[in-house]
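Before any comments, here is the structure.
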Amino acid sequence: METQATGRKLTFEILRFDPHDPKSKPRMVNYELQEAPGMSIFIALTLIRETQDPSLQFDFVCRAGICGSCAMVINGKPMLACRTQTKIFPHPKITLMPMPVFELIGDLSVNTGKVMREISERVKTWIHDKRQDDIDVTRLEETMEPEVADHVYELDRCIECGICLAACGTKRMRDDFLGAVGFMKIARFLADPRDHRSDHDFYELIGNDRGVFGCMSLMGCEDFCPKELPHQEQIAYLRRRMVFDQQK
Amino acid sequence: MKVIYTDSLIIGGGLAGLRVAIACKERGHDAIVLSLVPAKRSHSAAAQGGMQASLGNSSKGQGDNEDVHFEDTVKGSDWGCDQRVARMFVNTAPKAIRQLAAWGVPWSRIQAGERSAVVNAERVTLTESLDAHGLINSRDFGGTKKWRTCYTSDGTGHTMLYAVDNRAIQDGVEVHERKEAIALIHEGDRCYGAIVRDLITGELSAYLAKATTIATGGYGRIYSITTNALICEGTGQALALETGKTPLGNMEAVQFHPTAIVPAGILVTEGCRGDGGLLRDVDGYRFMPDYEPDKKELASRDVVSRRMTEHMRKGKGVKGPFGEHLWLDITLLGREHIEKNLREVKEICQYFLGIDPVVDYIPVRPTQHYSMGGIRTNEKGAAYGLLGLFSVGEAACWDLHGFNRLGGNSVAETVVAGMLIGEYVADFVETHDLHLQRGLAMDFLNREKERITKLVERKSGEDAFTLKREMQDLMMDNVSVFRQGPVLEQGVAKLTELLERSRNLAVKNQKLHSNPELAEALKVQKMLKIAQCVTFGAAKRTESRGAHAREDFIYRDDANWLKRTLAYWDNPDDVLPRLEYEPLDLMSMELPPGFRGYGKKNIIDHPDTPKRLAEVEAVAAQHPDRFERQQALMKYDLPERYQGKNERLGKGFN
C-alpha cells in the first residue's frame, strides 16, 4: 500500500472549530503542501501552522510515538499522527479530524488527559498493598517471577492515547462505558502479584454493563491500538474471571 | 483575579516534579503540580534504556556498590560534578528503585541459569545464580564498570512515570494540566509562587505557595535537532533566570547522544550498544575500537559522540539526503532479544525509518540530548538567590552530572532527587508561613497581562516561529559537539541580534485563548536568553571538559577551570548574561581529579591535586572499612529516613 511519493502536492482537509469562540462554526478547511521525503503528519501540521495558519490547534509532545498526545482521525481512522507518514496514503488528499468521545479544545486538539485521570481514579490504577508504605527500602526487593514481570510490562505499555475509546462502538453509544483503556489497566493490576485486590474487588469496579459486560465485541480497540495491546484477549479473559467470581 | 494558595507548588509534572509532590503530600502538606500536558505525557516517558542503581544482583553486576557507582559518575562528569551530591545520589538510588518496585514498576527480573548475551561482538554464556532468581536485572551502559542499569525492556521511563503518576493519583496530588507558568512572583530574596497562564482559556492566575519547585526538564529545544520532546524548551530555567536573582549553572554543558535516528532525531537507547550493538561506518567497518580500544562503543557519551564526529570528518560517514550519518548495527543481537528488550527501538525504526533493525542497520548521528546545566541549587535543591525556590531533575544544576551525564543516571536522578529534595521542600514548608502576598501577586499579574496585551495589539513585527527557527539552526551550527572560540562569538553576536528583534514580536492571531502562536511568542524570548547563556558560557570557558569540547583549547584545565559557571540576567533589557564562577573545592573531594582513560591525557593539573591525592591515600590507609573511609574523606548529609546502608545479595549490609 506504500506508494513512491515525493514531490506530490498534498491537500490536508482539516476540521476547524473553536468551541470557545461563540462566532466559530465547525468547517472543513483545505491546506496545500508539497510532500517531502520522510514527511509525517506531525511535520506537515507544524509546517502548516508556521507558514499558513498560526491559529491551527493540535497536540504533539514526544513526536516519537511514545507519549500518546497526538491521536487524531486520519482519513477516517484514529491513529498517532506523529508516526504516520504521508507516503502511506495513495491519494494526495488527507482528511484530519479530532477524535470523537473527548471534549474538544479546538481543531484537532482534544482533552484526553482529563478522561484518563478520571479512569485512573475510577478503577484505582495503583498497587493495593497495605504493607506498601512499611517496606524497608534498604533491604533486598521482593522477588518476582521473570515471566510474570514481563507479562505485567506487556499490559503496562498502554500510552493512554485514547484511540481505543475513539474507535469503540459501545463508547459512542454510552458515555459512562469504561472502555478498553480501563480494562487493560484492570488486567495489568490483576496480573500483578503485588496488587492484593481480589477478583471480587475488581468485579465491583467492572462487573456491570458500564464495565466489561457492556462491551459489544466490535473490537475497534484491538484493530487500532498503536501499541498492539491484546485487548480482545484481555477483555474475554476479564469477562470469564468476573463470571467465575460470581459463581463462587 | 484568581488566586490559588497551596503549601507546595511544583512546576512540571514529570518524574522529578511528581516525586516531590508525593513527598510533600505524604508529610501532610498540600501540593499542586502545574503541567503543560497531562503528567503521563511528560518527557520522562521517553527514557528508554534504564535507571542506574548499584543493586549488584546480576552476574555482571557482582561487586557493584555505591563506591563503584560514585567513581563512575564522578569520572563521567569529567570531575565537574558536586561530589557530595554524587554521594547522596548513589546511596539513595537502590532505595529509590526498591520503592518503585513496591509502587508497581515491572522491572525486568533475573532468570536463574544460563543465558546467551553479546559482549564485544561475541556470543557469550552468562550464568545467573539461583539466589538471584526473581531479583531486579541490569544491563550494561556506557562509562560504567558494572552492569548497573536496571530496566523494563526499553520502556523504562514509561513504566516509571506511570507508577509514580499512579502513586500521585492514589495520594490525591492535584495536577493542573495545560497550564504554563510565565513568571515567578518574588520580592527581595523571597519567592512566593508563580503567575500561570491557562493554555486553553488564556486566563491568568496567581499561585501563591510557601515553596515553589521548578521541575520542567531540559532545554534541548533551543537546538533544531534534538531527542527532546517539544515541551523541553528551557522555559523553567528562564523563569528563574528572569528574576535577576537566581543564576543558572554550567549552561554550556550540553550532551549530545551518539545514537539518534536520521533525520527525525528520535533517540534509540544506549541499551542497543549496552546489549552488544556496534557502530559501523560507510564501509561497514566497526571503527570505535580504533579510537577507544578499552571501552569501544561503551565509552562515555561525550567521547563516543566526538569519535563519531571525527570519523565522519575523515570522510567515513554515509552520505544521505539529510547530511551524513553512521550505522548502528544491532542485527547481531537476534530477533528474539530485539523483540523482547529493544521493542520500542524496533517500533521507532519501523514507523520512522521503514526498516527492520533485526536485519537492517540503523542510520544514526550525535544529536542534542541532555542539559547538564540548569537552575543552580545547593545540595538540598534550594535555588541560589531566592528563599522558597527549589529546583529538581534535569531543570536543575544540583550538579550530579558535571560536564557529562552517564546514561541511566538521568531517570535515576529524577526519582532520587525527587525523594530527597521532596523531603527538604517539606521541611521548608513546615518551618515557613504562607505569605498572603495578594498585592504583590496582583502587580506581577498586571505586568504579565500588560506584556500580553502589548504583544497582541502590535500591528506588525517579528514572527515568533521565524526567530525560534533561526535560533535553533544557529545553536546547531555554532554550539555543537566540537566548539571553537570565533564560532561561539559569532553565535553570541547573532543571538544578541535575535534578542533585540524579539522585543518587537507581533502575532497574526490576536485571540487570547487557545492560541498556539501567542504561546510561542510568549516563550521565544525566554528561549533566546537560555540559548545566550549556553553560548556565552561556552565562549568564555577556555578549556575542554566532558561534553564541552573546544578545538582551540583541547586541555581540561583544572588549574584555571575547576569551577562552575553561574549565569545571571540582571536586567530584562540585557542581551548578555553576567557570568560569575563558583570554584569546586578540590581539597574536599573524595575523588581528586584524574584521567578518565579516554584518548590522550590532555590535562593541566591543579597545583593542589597531588596534595589532595596524598591526603586521600593516607586517610584510606587508616580505614579498611569502606563506610568509615568514605565518611573520613568527605562528609555528606541525607534526610534521616534515607540514611541507611543498602543490602545486597550475598553481602548483607556491607
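Read the figures in this text as sums done on the coordinates, not as results from a lab. Here the structure is a predicted model, which is why all the values come from computation and not from measurement. All Cβ positions, even for glycine, are placed from backbone atoms using ideal geometry, and neighbour counts span all protein chains on display.
Determine which member of the set B:Thr125, B:Thr156 is in contact with a helix residue (DSSP H, G or I) (Cβ under 8 Å, 6 or more places away or on another chain) and either hydroxyl-bearing (Ser, Thr, Tyr) or free of Cβ contacts under 8 Å to residues at least 24 places away in the same chain (or both).
The unique qualifying residue is B:Thr156.
Do we find that B:Ser116 is out of contact with any helix residue (DSSP H, G or I) (no Cβ under 7 Å at 6 or more places or on another chain), more than 9 Å from chain A (Cβ to nearest Cβ) and not hydrophobic (A, V, I, L, M, F, W, C) in this structure?
Yes; evaluated as a whole, the condition is true for this residue.
Within the range A:191-248, restricting attention to residues that are of a type in the set (Phe, Trp, Tyr) and without any contact (Cβ under 8 Å) to a residue 60 or more places away in the chain, which residue is farthest from A:Asp176 (Cα to Cα)?
A:Phe244
Output the qualifying pairs, or none if there are none: Cβ atoms under 9 angstrom, residues six or more apart or on different chains, first residue in the range A:31-54 and assigned to a strand (DSSP E or B), second residue among the hydroxyl-bearing types (Ser, Thr, Tyr) and surrounded by fewer than 19 Cβ atoms within 10 Å (Cβ to Cβ).
Correct list of pairs: A:Tyr31/A:Thr11; A:Glu32/A:Thr11; A:Leu33/A:Thr11; A:Leu33/A:Thr51.
Are any residues in the range B:580-633 among the acidic types (Asp, Glu) and without any contact (Cβ under 8 Å) to a residue 60 or more places away in the chain, and if so, which ones?
Matches in the range B:580-633: B:Asp585, B:Asp605, B:Asp608, B:Glu615, B:Glu617, B:Asp625, B:Glu628.
Within the bounds of the range A:163-186, is there any residue that is touching a helix residue (DSSP H, G or I) at 6+ places or on another chain (Cβ under 7 Å), within 14 Å of chain B (Cβ to nearest Cβ) and outside any helix (DSSP H, G or I)?
no
Since B:Ala260 meets every condition but one in (1) free of Cβ contacts under 8 Å to residues at least 60 places away in the same chain; (2) touching a Pro at 6+ places or on another chain (Cβ under 9 Å), which condition does it not meet?
Unmet for B:Ala260, out of (1) free of Cβ contacts under 8 Å to residues at least 60 places away in the same chain; (2) touching a Pro at 6+ places or on another chain (Cβ under 9 Å): (1).
Looking only at the range B:155-178, decide whether some residue is within 10 Å of another protein chain (Cβ to nearest Cβ), part of a loop (DSSP other than H, G, I, E, B) and charged (D, E, K, R).
Among the residues of the range B:155-178, at least one is within 10 Å of another protein chain (Cβ to nearest Cβ), part of a loop (DSSP other than H, G, I, E, B) and charged (D, E, K, R), which makes the answer yes.
Give all pairs with beta carbons closer than 8 Å in which a residue from the range B:503-525 that is at the interface with another protein chain (Cβ under 8 Å from one of its Cβ atoms) and β-branched (Val, Ile, Thr) meets a residue that is buried (at least 17 other Cβ atoms within 10 Å of the Cβ) and not in a helix (DSSP H, G or I); count only pairs at least 6 apart in sequence or on separate chains.
B:Val507/A:Pro54; B:Val507/B:Asn515
Given the options A:Thr51, A:Thr46, name the one that is surrounded by fewer than 23 Cβ atoms within 10 Å (Cβ to Cβ) and farther than 24 Å from B:Thr216 by Cβ.
A:Thr51
When the range A:99-117 is examined, which residues are found to be part of a loop (DSSP other than H, G, I, E, B) and farther than 18 Å from A:Gly182 by Cβ?
Listed by number, the residues that qualify are A:Asp107, A:Leu108.
Are any residues in the range B:576-622 within 29 Å of the chain's Cα centre (by Cα), assigned to a loop (DSSP other than H, G, I, E, B) and surrounded by fewer than 19 Cβ atoms within 10 Å (Cβ to Cβ), and if so, which ones?
B:Leu576, B:Asp585, B:Gly594, B:Phe595, B:Gly597, B:Gly599, B:Lys600, B:Lys601, B:Asn602, B:Asp605
Could you name every one of the helices (runs of 4 or more DSSP H) located completely within the range B:201-305 that has at least 1 residues being among the aromatic types (Phe, Trp, Tyr) and closer than 30 Å to B:Ala121 by Cα?
Passing ranges, in order: B:288-291.
Could you tell me whether the range A:89-111 includes any residue that is closer than 18 Å to B:Ala229 by Cα and either surrounded by 23 or more Cβ atoms within 10 Å (Cβ to Cβ) or facing chain B (nearest Cβ under 8 Å) (or both)? Step through it out loud before you land on a result.
So in the range A:89-111, the residues closer than 18 Å to B:Ala229 by Cα come out as A:109.
Next, only the ones that are either surrounded by 23 or more Cβ atoms within 10 Å (Cβ to Cβ) or facing chain B (nearest Cβ under 8 Å) (or both) stay: A:109.
Yes: one or more hits.
For the range B:1-53, name all the residues that are more than 15 Å from B:Ala215 (Cβ to Cβ), surrounded by 24 or more Cβ atoms within 10 Å (Cβ to Cβ) and more than 19 Å from the chain's Cα centre (by Cα).
B:Pro38
Looking at B:Leu488 and the list (1) in contact with a Gly (Cβ under 8 Å, 6 or more places away or on another chain); (2) surrounded by 22 or more Cβ atoms within 10 Å (Cβ to Cβ), which single condition is not satisfied?
B:Leu488 satisfies every listed condition except (1).
Of everything in the range B:226-265, what is within 12 Å of another protein chain (Cβ to nearest Cβ), among the β-branched types (Val, Ile, Thr) and farther than 18 Å from B:Gly12 by Cα? Give them in sequence order.
B:Thr226, B:Thr227, B:Ile261, B:Val262 - these are the residues of the range B:226-265 that are within 12 Å of another protein chain (Cβ to nearest Cβ), among the β-branched types (Val, Ile, Thr) and farther than 18 Å from B:Gly12 by Cα.
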